[in-house]
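What follows is a set of notes on a single structure, which appears directly below.
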Amino acid sequence: MMDTIAIIPTMQNQIPTRYQEVLTRIEKAALGAGRDPASITLVAVTKTWPAEVVLAAYESGMRDFGENRPEELEAKRAQVEVVLGRDSGIVWHGIGNPQSRKTNLAADNADVFHAIDRLRIARRLSARAQQTGRSLQVMIEVNVSGERSKAGFDASNWSVSPTQRQALLAAVQEVHDLSGLDLVGLMMMAPWEASEPEIRQLFARTRELGLWLQEQLPATRLPCLSMGMTNDFEIAIAEGATHVRVGRAIFGSRG
Ligand SMILES: *Cc1c(COP(=O)(O)O)cnc(C)c1O
């Protein structure tokens, strides 16, 4: 425990440099793909790090923060708001799959929720948002790799499986129609074990799926693609990511 406390200040000193390095890599990847770097949101993933780390990151210029556990998001957001107030310009992103009994916490504390992996979660978020009068931007998580450990709507065969396409269309339509939720796109996580060409193809298929869904359901707009983490964010940007969720490259390993 003493070690952890001693290490945090050292790590905080490195945040500005590491952040600039990540920004430079994002810019390079975007320009290399003929994209505007400003069209990409860097979500700084602060899970497991204390509120002081968020404050140091804020001072370095970061404004978008990602947390995967709703209870941690709630506590950290409250601690940060004690210092910075409620108009700090921070956007809090819920990026993990909550248990359904934790969805109220997510609905109350996330501004953007990336990880709708089943309709039950979407319905609960919607019910809570209507109760509290909040409005939540949301993305639907898709599993394009078919990896069983990955959450999300099954999209492993979407281009050839009518059953999967029907299920995906129905999900997008329902989430689009739910009050209190503003559906803005798709989220995916690449498998840990895949090779670079495989990962690239999975990102590309996610983008194609988003375009196809939009074509089928013209009332929906799905401009956002949340994909890419420390290990693969440059590939994700080349394949169209609008949100990259990066933790370790900015803050170091999570111990
Ligand atoms: C932890 C996490 C990240 C960030 O991972 P890094 O490898 O630290 O960049 C991104 N997305 C989700 C859903 C996560 O849980």
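Condition (residue is in contact with a strand residue (DSSP E or B) (Cβ under 9 Å, 6 or more places away or on another chain) and in a loop (DSSP other than H, G, I, E, B)) applied to region 100-114: is it met by at least one residue?
Looking through region 100-114, at least one residue is in contact with a strand residue (DSSP E or B) (Cβ under 9 Å, 6 or more places away or on another chain) and in a loop (DSSP other than H, G, I, E, B).
Out of Gly94, Gly66, Gly89, Gly32, I need the residue that is in contact with a Lys or Arg (Cβ under 7 Å, 6 or more places away or on another chain), under 23 Å from Thr230 (Cβ atoms) and either buried (at least 23 other Cβ atoms within 10 Å of the Cβ) or not hydroxyl-bearing (Ser, Thr, Tyr) (or both). Which one?
After applying the criteria, what remains is Gly66.
Collect the residues in region 41-58 that are in a loop (DSSP other than H, G, I, E, B) and either within 15 Å of the ligand (Cβ to nearest atom) or among the small types (Gly, Ala, Ser) (or both), keeping them in residue-number order.
Matches in region 41-58: Thr46, Lys47, Thr48, Trp49.
Cβ-Cβ distance below 6 Å, separation of 6 or more or different chains: which pairs start in region 81-92 with a residue that is touching a residue at least 40 places away in the same chain (Cβ under 8 Å) and under 15 Å from Asn109 (Cα atoms) and end on one that is surrounded by 10 or more Cβ atoms within 10 Å (Cβ to Cβ) and of a type in the set (Gly, Ala, Ser)?
The qualifying pairs do not exist here.
Tell me, which helices (runs of 4 or more DSSP H) lie completely within region 180-255 with 1 or more residues that are touching a residue at least 24 places away in the same chain (Cβ under 8 Å) and more than 13 Å from the ligand (Cβ to nearest atom)?
196-216, 233-238
Please go through (1) of a type outside the set (Val, Ile, Thr); (2) surrounded by 21 or more Cβ atoms within 10 Å (Cβ to Cβ); (3) touching a helix residue (DSSP H, G or I) at 6+ places or on another chain (Cβ under 7 Å) for Ala238 and return the number of the only condition it doesn't satisfy.
Against the list (1) of a type outside the set (Val, Ile, Thr); (2) surrounded by 21 or more Cβ atoms within 10 Å (Cβ to Cβ); (3) touching a helix residue (DSSP H, G or I) at 6+ places or on another chain (Cβ under 7 Å), Ala238 comes up short only on (2).
When the residues of region 170-179 are narrowed to those that are touching a residue at least 24 places away in the same chain (Cβ under 8 Å) and over 19 Å from the mean Cα position of the chain (by Cα), which ends up surrounded by the fewest Cβ atoms within 10 Å (Cβ to Cβ)?
Ser179
Of the numbered conditions (1) modelled with pLDDT under 95; (2) within 16 Å of the chain's Cα centre (by Cα); (3) surrounded by fewer than 14 Cβ atoms within 10 Å (Cβ to Cβ), Arg101 satisfies every one except a single condition; which is it?
Going through (1) modelled with pLDDT under 95; (2) within 16 Å of the chain's Cα centre (by Cα); (3) surrounded by fewer than 14 Cβ atoms within 10 Å (Cβ to Cβ) one by one, Arg101 breaks only (2).
Return the residue satisfying two criteria in turn: it lies in region 150-168 and is within 20 Å of His114 (Cβ to Cβ), in contact (Cβ under 8 Å) with a residue 24 or more places away in the chain and not basic (Lys, Arg), and of such residues it is surrounded by the most Cβ atoms within 10 Å (Cβ to Cβ).
For region 150-168, the residue satisfying everything is Ala155.
With the requirement that a residue be more than 16 Å from the ligand (Cβ to nearest atom), assigned to a helix (DSSP H, G or I) and under 18 Å from the mean Cα position of the chain (by Cα), what does region 59-85 give you?
Across region 59-85, the qualifying residues are Glu74, Arg77.
The values are calculated or read from the model by the stated rules, or taken from the named source; none is laboratory data. Keep in mind that this is a model prediction, so the values were computed, not measured. Glycine also receives a Cβ, built like all others from the backbone with ideal geometry; neighbour counts cover every protein chain displayed.
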